[in-house]
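A quick write-up on the structure given underneath.
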Amino acid sequence: MGMPNFLRSEEGFTLAETLVAMLVFLVAGCMLWELMLHTEAGFALAGSMGSTAARAEQIDRSIRKTVGDVAIPFWAGDADFNSGGTSVSIPYSSGSKDSSVSLTYEGTTLTLSNGASQAIYHGIDAFKVEALQDGSSTVIGLSAVYTIHNKAFNTHALFRSVSLISGQNG
């Protein structure tokens, strides 16, 4: 008669089977953990990129609104404006020669002003503005290039009105 073999009974698993099952669950758990970490990092990057894009869109709209306030009368002739590469001042805000629109970049701050209102944006890495001209070299607006979190954005903003006489305003 011998002693019954409890390790090979029909009522349970062997130690080797249990260890193999634990190893399979451990590998699967590690793979899921790694997937979760990569997914979390992807969501964080997408959130950061989304907030940068939203901020750039807000700045784009403000530049277009501010520059769009310039209304140069057809009789004004030359509508000179002072541009220093990182700042610009343009007369004829709302059609008045005595009122001006300005875009000023200093340090990391961009300030947009049209006399009646002002918008200030901090954390701008770089900013450059230059005249936007049509085919006959008439200044019809501004082109602004700015950088936020090492991502460059470009805005082309047109004046509300310009002289229709060829060669005027520039």
Lysines whose Cα lies under 20 Å from that of K151, excluding same-chain neighbours fewer than 8 positions away: K128
Residues whose modelled amide H sits under 5 Å from the amide H of S100, counting only those 5 or more places away in sequence or on another chain, are S93
Proximal charge balance of T66 [Cβ under 12 Å; K/R count +1, D/E count -1]: +2
Under the rule rounded for a/c under 1.5, else prolate if a/b exceeds b/c, else oblate, using alpha carbon gyration tensor axes a ≥ b ≥ c, segment 80-151 is classed as oblate
Non-local residues with an amide H under 5 Å from the amide H of Q133, with H modelled 1.01 Å from N and Pro and chain starts lacking one, are I140
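Bear in mind these aren't lab numbers, they're just calculated from the coordinates by the rules spelled out. The structure presented is a predicted model; accordingly, all values stated were derived computationally and were not measured. Ideal geometry is used to build each Cβ from the backbone, glycine not excepted, and the neighbour counts take in all protein chains shown.
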